[in-house]
Ligand code: SAM
């Protein structure tokens, strides 16, 4: 493995700082800096970029971002044990790494970067990854504060993010992600790349916000998809009763077949239903 920076190998850093992985924090560390460099590059050219990283841990991806030329990395880490290792990285890249100790679920991301264009790159803790993504996709303001998201998920979650109508993986997450972003899977990462190895394969996903998603309210779209996919095997004339009203006028106005099931409705169909449910035009 070629060295990407003058810092010690990650295995040594982890041993020296006693960073035994904690399952409760979703800790599966990447030690191969060639692999973390590949993830960093999947976010696009790094030269001068501002990057927000969630869960830097011992810093494998952080180092790849900085060595790749990121001008500024803002990293949010919940586990205080990782801070001394991250401080060593900050010292090796003066003025370029800012570490925030805290829970990413409680961070005001839009305020972090002070309005500068930024991207998010992260090997997310599995236990909070979907919540974080949903938070980033459901902001009222659109286009959002970030330019792109490059994120590692369990493969099964990645498949749900990019799923097309008609597939088993298609559901609320796929509608939300496909409505507001263009999302693609970039590459898989085998369990053996992590310490400790998780049970399943992981996948890096890259999402770019759409400049003009189809008009509809996030909240109503979430309500419609919750009702429809909450009973995904039922016909929409039944499942959409979950909206708390007779759904037939909505379904007819949207030009949809009432015997259709949620998984066969397109993102456009869901947006049309959401607009009508809000009392707007199809
Ligand atoms: N980026 C490192 C890597 O690739 O080796 C570590 C990735 S590990 C899958 C997830 C990291 O997220 C851990 O360092 C964990 O402590 C941190 N973490 C877990 N929950 C968090 C939260 N709510 N907010 C911020 N960081 C969190």
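The values are calculated or read from the model by the stated rules, or taken from the named source; none is laboratory data. Quick caveat, the model's predicted, so the values are computed rather than measured. Counting neighbours? That spans all protein chains shown, and the Cβs are built from the backbone with ideal geometry, glycine included.
Checking residue 171 against (1) touching a residue at least 12 places away in the same chain (Cβ under 8 Å); (2) out of contact with any strand residue (DSSP E or B) (no Cβ under 6 Å at 6 or more places or on another chain); (3) closer than 23 Å to residue 41 by Cβ, which test does it fail?
Evaluating residue 171 over (1) touching a residue at least 12 places away in the same chain (Cβ under 8 Å); (2) out of contact with any strand residue (DSSP E or B) (no Cβ under 6 Å at 6 or more places or on another chain); (3) closer than 23 Å to residue 41 by Cβ leaves (3) as the failure.
Go through (1) within 19 Å of the chain's Cα centre (by Cα); (2) within 9 Å of the ligand (Cβ to nearest atom); (3) assigned to a helix (DSSP H, G or I) for residue 40 and report which single condition fails.
Against the list (1) within 19 Å of the chain's Cα centre (by Cα); (2) within 9 Å of the ligand (Cβ to nearest atom); (3) assigned to a helix (DSSP H, G or I), residue 40 comes up short only on (2).
Scanning the range 67-113 for residues that are without any contact (Cβ under 8 Å) to a residue 12 or more places away in the chain and either part of a strand (DSSP E or B) or within 21 Å of the chain's Cα centre (by Cα) (or both), which turns out farthest from the ligand (Cβ to nearest atom)?
It comes out as 111.
Counting only residues that are surrounded by 12 or more Cβ atoms within 10 Å (Cβ to Cβ) and more than 11 Å from the ligand (Cβ to nearest atom), how many does the range 18-37 have?
Count: 1.
Among 70, 49, 42, 15, which is the only one that is within 30 Å of residue 183 (Cα to Cα), surrounded by fewer than 19 Cβ atoms within 10 Å (Cβ to Cβ), in the same structural domain as residue 145 (by TED's automatic domain parsing) and out of contact with any helix residue (DSSP H, G or I) (no Cβ under 6 Å at 6 or more places or on another chain)?
Checking each option against the conditions leaves just 42.
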